[in-house]
Amino acid sequence: MQKIPMTAEGHQALDAELKHLKTVERPAVIAAIAEAREHGDLSENAEYHAAKERQGWIEGRVQELEDKIARAQVINVAKMSGSVVKFGATVTVIDEDTDDEATYKIVGNDEADVKSGKISLSSPIARAMINKEEGDVVEVNAPGGAKSYEILTVAWR
């Protein structure tokens, strides 16, 4: 069974979503199905079919979340240190072409949110930075072409 690396915050978010689906969404869709059944002929009942489809999605998502939580390898970033980029590091880089600075936190696939500065461990820029140190220059093969970034700082927060 392959472990899925994630931060403690990412694990908590998945756990919260799972609890919400089980305690709020699942009972609501069961009630919607019961109500739609009361309307009679199920073969032409759009509410019933929509509720059943929603129920299928919820059950699929519950199974997916339970699997990810069971395989989670929670990494406590607060206990990590050093200047080498690894999972959980917050890395500040500068684009060598435009001199634009950016700060990214390397997180698990389910936690990634580029708008909030969290990039997936499997993203091209994160893969290029892993095991590099402050001052190193990394080449990233991005969809828009090759880019060069210098790693300015590596922090653990």
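Only the coordinates and a few stated rules stand behind these numbers; no lab work does. Quick caveat: nothing in here was measured; it's all calculated off a predicted structure. When we count neighbours, we look across all protein chains shown, and the Cβ atoms used for this are built from the backbone with ideal geometry, even at glycine.
Here are the numbers for the structure shown:
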{"quantity": "Residue-count net charge about T90 - beta-carbon cut-off 9 Å; Lys, Arg +1, Asp, Glu -1", "calculated": "+2"}
{"quantity": "Cβ-defined net charge surrounding V137, 10 Å radius [Lys, Arg +1; Asp, Glu -1]", "calculated": "-3"}
{"quantity": "In degrees, nearest ten, helix 46-70 long axis to first principal axis of the chain (Cα)", "calculated": "40 degrees"}
{"quantity": "Rg/Rh for the chain, where both radii come from Cα atoms and Rh is the Kirkwood radius", "calculated": "1.18"}
{"quantity": "Debye equation applied to the C-alpha atoms of region 4-74, log10 I(q)/I(0) at 0.13, 0.17, 0.20, 0.25 Å⁻¹", "calculated": "-0.47, -0.65, -0.78, -1.01"}
{"quantity": "With Cα atoms, 0 to 90° folded angle of helix 8-20 axis to the chain main axis", "calculated": "10 degrees"}
{"quantity": "Antiparallel bridge percentage (DSSP; both residues within the chain; nearest 5)", "calculated": "75 percent"}
{"quantity": "Those GluC sites (Glu not before Pro) in region 11-83 that DSSP places in a loop and that have at most 12 other beta carbons within 10 Å", "calculated": "E38"}
{"quantity": "Structure-based [θ]222 nm, the chain - -39500 (n - 2.57) summed over DSSP H runs of at least 4, per residue, nearest 500", "calculated": "-11500 deg cm²/dmol"}
{"quantity": "On Cα atoms only, tilt of 26-37 relative to the major axis of the chain in degrees", "calculated": "30 degrees"}
{"quantity": "Relative contact order (%) - the chain, alpha-carbon pairs under 8 angstrom, separation at least six", "calculated": "24 percent"}
{"quantity": "Cβ-Cβ FRET estimate between D41 and Q63, R0 fixed at 30 Å, reported to 0.05", "calculated": "0.45"}
{"quantity": "Rounded, prolate or oblate (a/c below 1.5 giving rounded, otherwise prolate when a/b exceeds b/c) for region 77-155 by Cα gyration tensor", "calculated": "oblate"}
